[in-house]
Amino acid sequence: MTVHERNISASIDPVKLDRLAEVAIKVGLQLKPGQDLLLTAPTAALPLVRKVAEHAYRAGAGLVTPILTDEAVTLSRYRFAQSDGFDRAAGWLYEGMSKAFAANTARLAIVGDNPMLLAGEDPIKVARASKANSIAYQPALERIVNFDINWNIIAYPSPSWAKQVFPEDEEHVAVAKLADAIFAASRVDNDDAVASWQKHNARLRSRTEWLNAQRFSALHYSGPGVDLTVGLADGHEWQGGASTAKNGITCNANIPTEEVFTTPHARRVDGHVVSTKPLSYQGSLIDGIAVKFEQGRIVEAKASRGEEVLNKVLDTDEGARRLGEVALVPHSSPISKSGLLFFNTLFDENAACHIALGQCYSKCFVDGGELTPEQIAAQGGNKSLIHIDWMIGSDKIDIDGVHADGRRVPVFRKGEWA
Ligand code: ZN
Ligand code: ZN
C-alpha cells in the first residue's frame, strides 16, 4: 500500500467499514458454514475485500476467491490495445463462475468504479467490449438473476467515484463524504446493524404483503407533468427486501435497498410521465426525460439533455420501448434525504419511485421460477437486452391502486405511503 492510498483510506471510518463487511456476510448473503464465496471488486476496494474475507471465514466459509479489476488496467486497453481485440471477453472466467454457482458458491459484488471512467474513450470500442462481455457473462448472470444462489452487492467509496459525486471537494474530503453516505444508506451507522436490517426487511415485507393481497390491476400516477396508468402483469408478485434463493438461503441481494417492485404489463401502459432525477447511463447523463406511452409502447421521447443517447437506447430492440419494472420508494427514504446523485443505480434507484425500460424479472410473478418465457410474455412480462431504471417519484406524486372493477385505493400521497 502506498502512502497516498493509506491517507485516502484513513478518511473512511474503520468501525463502519467493518460493520458493512459483517452485514454483507450475515444479512446480504447469510453465508452458510462450508459455503464457498466468489467476490469481485475494484482494486481501490481492497480494504473492504480484506474485511469481507475475515467475516466470511469467521462465519465458516469454505474458500473465499476474490477477483479484482483495476481502472488503470481497463484504460490501458482502450489507449493501447489492438483494435481487433475489442470483441473479446474472458469467457473462460465466466464459465468458471457459472460452474462455481452451479456448485452452490455464493456471490458478492463490491461496486465502486468511477461511473465516468470510459466517458472519454472511443464509444464504438466501448460498445464492442461491452457487448462481448455481456454475451460471455450471460450464463453466469442468469444463475444470479434467477436466484440459483445467495448473492449480494455492496459499495465501497473509491476516490474516483467520490470525486464524481463531490467534484468541488479535495479527494480525501470527497471520500469521507461518500463513505458516510454509503454507510448511512447501507444502515451500518448504528451499533446493531444486523438488527436494524431485520427491522427494515420486516417493514418492506409488510408493504409487499399488503400490495400482493390487493392484487391491483393497475397503478395510476398523477402530479406535475404526470398522468400515467401502469397496468400490472397478470399474476404479478411484489418483491422487496430479503428473498429466498433456490438453494434455500435467504439473502438481501442489494445493500442498500428501499424499493418494493413488480412487473408491469408490457402492453397496458398509457399516458405521459417526466423524470425527476438525471439518469447516468454508460458515461452519459440523460436529464429532463418526458415520454408518452400508448398501449405499453413509448411513442414520443424527449430529454432536455442526452436526447440522442436516450433515443439510441430506445432503439436497442422492441422491448426497450416498454416497461419491465415498476418500483415504489417513499420520498422520505434515507437516500432521497441525502439529496445526492450517486451516478450508480444501486443507490439512485432507491431515492425515488421509478420505472425501468426493458427486461422484466421472472421472480416478480407468482411461481415465476416455473413459468416458461412464453408464459411470462403472455402474462405481460417484457423482454429486452436492456434494463434501465429511471426516477419518476417526488414529494408531489400521488399514486392510486386501481382494481379490475375500477375501484381505486390510495397507495402514495405526496410521495409517501398513504
Ligand atoms: Zn428497481
Ligand atoms: Zn431495476
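Nothing in this text is a laboratory measurement; each read-out follows from the coordinates by a stated rule. Model, not experiment: these values are computed from the prediction. Cβ coordinates were reconstructed from backbone atoms using ideal geometry, including for glycine residues, and neighbour counts include every protein chain displayed.
Couple of notes before you dig in:
- Globularity index of the chain, i.e. its alpha-carbon radius of gyration over 2.2 N^0.38 Å: 0.96
- Kirkwood Rh in Å, taken over the range 265-355 so that all alpha-carbon pairs contribute: 13.9 Å
- The magnitude of the dipole of the range 159-294, with charges of +1 and -1 set on the Cβ of Lys/Arg and Asp/Glu and taken from the Cα centre, is near 600 debye.
- Selected from 266, 100, 255, residue furthest toward positive end of dipole (the chain; charges at beta carbon): 100
- The dipole here belongs to the range 348-418: it is taken about the Cα centre, uses +1 on the Cβ of Lys and Arg and -1 on the Cβ of Asp and Glu, and is about 200 debye.
- Amide H to amide H, with H built 1.01 Å from N, residue 35 comes under 5 Å of 62, counting only residues 5 or more places away or on other chains.
- With a Förster radius of 25 Å applied to the beta-carbon distance between residue 192 and residue 54, the computed FRET efficiency rounds to 0.80.
- Electrostatic dipole magnitude of the range 3-185 [Cβ: Lys, Arg +1; Asp, Glu -1; Cα centre; debye, to 20]: 500 debye
- Prolate/oblate/rounded call for the range 1-146, Cα gyration tensor, a/c under 1.5 rounded: oblate
- Among 21, 106, 59, residue whose mean-square fluctuation peaks in a GNM of the chain (springs only between Cα atoms under 10 Å): 59
- Chain lengthening between residue 93 and residue 311 when straightened (0.36 nm per residue, less Cα-Cα): 75.1 nm
- Links that overshoot a 28 Å alpha carbon limit, given the list 99/363; 16/131; 131/363: 16/131
- Shape call, the range 72-209: gyration tensor on alpha carbons, a/c limit 1.5: oblate
- Per-residue extension of 0.36 nm, minus the Cα-Cα distance of residue 213 and residue 130, leaves a gain of 25.8 nm for this segment.
- Listed residues 132, 61, 301, most fluctuating in the chain (Gaussian network, C-alpha, under 10 Å): 132
- In the chain, helices alone account for a calculated mean residue ellipticity at 222 nm of -10500 deg cm²/dmol, with every DSSP H run of four or more residues adding -39,500 (n - 2.57).
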